[in-house]
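First the structure, in the form of structure tokens, and then the observations on it.
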Amino acid sequence: MIDRKAHLVAPLTAAALIAQQVGGNAIRDGLFLSLFKVQSLPYFIAAAAVLAIVAAHLSGRLLTRLGPARAVPVLVAANAALFLVEWLLLGAQARAAAVLLYLHSSVLGGIAISAFWSLLNERFDPHSAKPLMARVAGAATFGGFVGGVSAERVAALLPEGALLLLLALVGAACVAGVVAVGRGAPARRTSEADAPDRAGAWAQLQRQPLLKNLAVVIALAAMVGALTDYVLKAEAVAYFGRGHQLVRFFGLFYSGTGLAAVLIQASLGRVVLGRLGLGGSVASHPAVVATATLLGFVLPSPWRGILPRGCDVVVRNSTFRAGYELLYTPLAASAKRSVKSLIDVAVDCAGKGGGALLILLLAPLAPSHVFALVNLAAGVAAAGEFFVARRLRAGYVSALEGGLRRQDGKLEQAVEYSMADFTVAASMTGLDRSAVLRALGSAQTERPPESPPDPVVAALVELRSGDLLRIGAALRDLPRDPLIIGALVPLLARDNLVKMIVSALASFGGRAAGEMVSVLLDPATSDVVRRRLPLALKSCPSTIARDGLRAGLASEGFEIRLRCGRALLALTDQHPELQEPFPHAVALAERELGGGGEKPLVREHVFNLLALALEREPVQIAARAFATDDTYVRGTALEYLETVLPVSLFSAFQPLLTVTGPPPARRRKPADARAELIRAGATMTVSLDELRRQLELSAREET
């Protein structure tokens, strides 16, 4: 019920926040250009950039200390309160109100929206966030349309300043919305990886390649926005003059771009995310704006200013925003809270400040051709943004892997997804008869055979005798001759000798690999022997054993392929020098999904194959994630798999990743949850049920 409420309230709140921001921008631009010259605009942009750096740092500390659920309502309420202050100030000190409104709307308005997105992408896991973020982005773009229309109508019908009072009332509704979404946030299990980082936001930014690239993209996008915005406002003042008409023009402009963003998000949002991915969705902004700047050279006034800026606003509020916000979801909470405001606001305003400085530098060069120079600079900045945006995917995959690693300590080692771990329980089963006799003292009554002249021949005779006691005695003192290996392998068919034979074969190390591989790959060999050979091969540190197990992955029997995959992972885990890229495993995984078999075993085998082809640790953690009832961890694993796997493979694999777990637990008090977490961490061990499952798996390995 709480989740359904959050899914309903989040889009409505996003729409209200963006409507408030768009309405504030409309009256900000109209009021500012009516009281100040357009040539002073770059100075105000630069001042807002400086102020934003300080404000973003403070808001990041607030988010880190309080968390989004408590900090976001404070920021949204402060944003609404300032609209009320400006409404009261407008009649007596119009210029002061215009300056305050410009700085407030440019800085705190952006911080409040950024913090709301932080609340959302911390509230939901990366995979389930995708459809919700698409709806939120759609609602936000619709809110931009409503905000623009409302600004134009209020400016046309009501006294000056009435819009500021209306924006304050909308802000109060936004406070209620973010409080509702925050109450729905589940209690997250914390870890050291998610603890607040004392190094600060700048250190986080420097450590994470994804964050560095995001910062550059945002700075360049903001520079593009500042350059195109200057051209738009210069064209608007020249065409419409000053006064009441400017507020109405900007209201219509923002409502038109809001409507266009709604249509694009509704028709192309999911397609762009699905086809181009998150990096491609972000890269759509510079590609479209660069094209619009070229068209700006041939369009008449005021369209040569409207088109580039309109494309900038439309794409940033639709496909760009949907992809950009999702890039934060796999990051640690400390990174999101401290860095997101820094990037969204401080870096954004720094980019705008860079654009303002560029305008001031270009204007004196050719006063009669300022439009052409600024428009050209916008196209160049868009090209740079496109280049950096294409690098986002690699950083996103790395962040997903990091997110899975942070969850690793929270996951129990599930047996059905044990990957290469054959478990300590294997040593507790399969006791052979001779070991029992020794424990009872009976073995001492046996008469040892007379020593033959040739110990190798004698051992071969005993191993082929078929008598359990004689074989057991021979195994206790085997000669170290390779001829013995050929006699040991067939004995894997004896259920009561498996563990002793496996141990004996493993004692030969790599010397036994060739013989065992030839038997494993021989279709004439009995299935029971072929199934058990991987247990011994996993202890042979040899490229022959590795390559033989790889070849065994193409065997006819699924059980043989499954055990070869397990053994290959165990072998290469214990001997990293044997690890090398095995991209063919992806094709083998796709083949396994097209066949039959028990769902848990097929899923385990596919994960084993993916671990051989991709980076091993994240895949292993993702495999264990689907043995838990933690929806956030499973969502992170799903998003990682969807990002790194081919579309056809992920589509075929996804039905096997559904988990039917217990219903969500009733939300408890934070103090109770924290106490339980500490108790669980201090006493974490293997349960009796888990031990039974491990024993069953070990017994199954020997059949």
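A few comments on the model shown:
- Solvent exposure ordering (accessible area, 1.4 Å, most first) of ARG309, ARG321: ARG321, ARG309
- Checking every one of the trypsin sites (Lys or Arg not before Pro) in segment 3-72 against DSSP loop status and a limit of 10 other Cβ atoms within 10 Å picks out LYS37.
- The simple Förster model, with R0 at 30 Å and r as the Cβ-Cβ distance, assigns LEU365 and ARG95 a FRET efficiency of 0.45.
- Efficiency of FRET between HIS584 and THR658 - r from beta-carbon atoms, R0 41 angstrom, step 0.05: 0.90
- Projected label distance in nm at ALA266 and VAL54, using a 7 Å step from Cα toward the beta-carbon: 4.4 nm
- Two-site FRET efficiency, GLU577 against VAL74, from Cβ-Cβ distance with R₀ of 51 Å, rounded to 0.05: 0.40
- The length gained on full extension between LYS212 and LEU468, counted as 0.36 nm times the residue separation minus their Cα-Cα distance, comes to 85.5 nm.
- Flagged links, alpha-carbon separation over 22 Å, of LYS499/LYS599; LYS212/LYS340; LYS233/LYS352: LYS499/LYS599
- Loop-located chymotrypsin sites (Phe, Trp or Tyr not before Pro) in segment 251-321 (DSSP state other than H, G, I, E, B) with a sparse environment of at most 16 neighbouring Cβ atoms within 10 Å: PHE297.
- Full-stretch length increase - ALA238, LEU252 - with 0.36 nm per residue and alpha-carbon distance subtracted: 3.3 nm
- With the simple model of a label 7 Å out from the Cα in the direction of the Cβ, ARG591 to ALA506 spans 2.9 nm.
The values are calculated or read from the model by the stated rules, or taken from the named source; none is laboratory data. Quantities reported herein were computed from a predicted structural model and do not represent experimental measurements. A quick note on method: Cβ atoms are made from the backbone with ideal geometry, for glycine too, and the neighbour counts reach across all protein chains shown. Please note that ligands, DNA and RNA were not included when accessible areas were found on the heavy atoms of the full protein model with its side chains. Shrake-Rupley method; radii C 1.70, N 1.55, O 1.52, S 1.80 Å.
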